[in-house]
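The structure under discussion appears below in the form of structure tokens.
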Amino acid sequence: MEKLYTAVATTKGGRNGHVSSSDNVLDLELRMPKELGGEEGYTNPEQLFSAGYAACFASGLEMIARRKKLNADGVEITVATSLCRHPSGEGFRLHVEITGLFPKGISNQHADELMKATHDFCPYSRAIKGNVEVILHHKLA
């Protein structure tokens, strides 16, 4: 496999610690979410995952729309990542919902097609396929 880019990040202390990228552009304190007993004002792994997934999915959707000669400029992608108890009762798992808010001019059918095609294309979607349930939604402006 030809590597095009490699991101490197290091954490110390896990969910109640610190994370930084190798170039120090990303440099954050981490805490458990308030809903799980943590402190407000800090990020957590689920937020970081949602942010990366949303950015990647939006870029992929815009590229696919251009290929299909559709104008999806200004599409907003929201990724909600939930931490869930594993059905076995041991450990946790993720659940993801992706919502695309499409600009005027995109039909309901095209929005649905773009969301599905992007989900098949996006590296994040491919990485978690078969392991994390992902539900797609779309709305028209």
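The values are calculated or read from the model by the stated rules, or taken from the named source; none is laboratory data. Everything quoted here is computed from the prediction, not taken from an experiment. A quick note on method: Cβ atoms are made from the backbone with ideal geometry, for glycine too, and the neighbour counts reach across all protein chains shown. Note: accessible area is taken over every heavy atom of the protein model, side chains too, but ligands, DNA and RNA are not part of it. Shrake-Rupley method; radii C 1.70, N 1.55, O 1.52, S 1.80 Å.
For the reader, a short list of remarks on this structure follows.
- Residue in the stretch 100-110 that is under 27 Å from Met32 (Cα atoms) and modelled with pLDDT of 95 or more present: no
- The stretch 30-45 residues that are farther than 12 Å from Gly17 by Cβ, paired with ones that are polar (S, T, N, Q) (beta carbon under 7 Å, 6 or more apart): Pro33/Asn44
- For Met32, the conditions (1) of a type in the set (A, V, I, L, M); (2) in a loop (DSSP other than H, G, I, E, B); (3) in contact with a Leu (Cβ under 8 Å, 6 or more places away or on another chain) are fulfilled apart from (3).
- Candidate set: the stretch 22-56, residues that are surrounded by 15 or more Cβ atoms within 10 Å (Cβ to Cβ) and in contact with an Asp or Glu (Cβ under 6 Å, 6 or more places away or on another chain); chosen: the one nearest to Leu94 (Cα to Cα): Arg31
- Close contacts from the stretch 46-60, counting a first residue that is closer than 9 Å to Val79 by Cβ and in contact (Cβ under 8 Å) with a residue 24 or more places away in the chain and a second that is surrounded by fewer than 17 Cβ atoms within 10 Å (Cβ to Cβ) and among the hydroxyl-bearing types (Ser, Thr, Tyr), with Cβ to Cβ under 7 Å and a gap of 6+ residues or different chains, come to Ala54/Thr78.
- Test: residue in the stretch 62-69 that is of a type in the set (Gly, Ala, Ser) and open to solvent by 30 Å² or more (accessible area, probe 1.4 Å): no
- Flag for Val96 being open to solvent by less than 70 Å² (accessible area, probe 1.4 Å), of a type in the set (A, V, I, L, M) and in contact (Cβ under 8 Å) with a residue 40 or more places away in the chain: yes
- Within the stretch 106-132, being surrounded by 13 or more Cβ atoms within 10 Å (Cβ to Cβ) and outside any helix (DSSP H, G or I) holds for Ile106, Cys122, Val132.
- Any hit, the stretch 71-86, residues being among the β-branched types (Val, Ile, Thr) and surrounded by fewer than 17 Cβ atoms within 10 Å (Cβ to Cβ): yes
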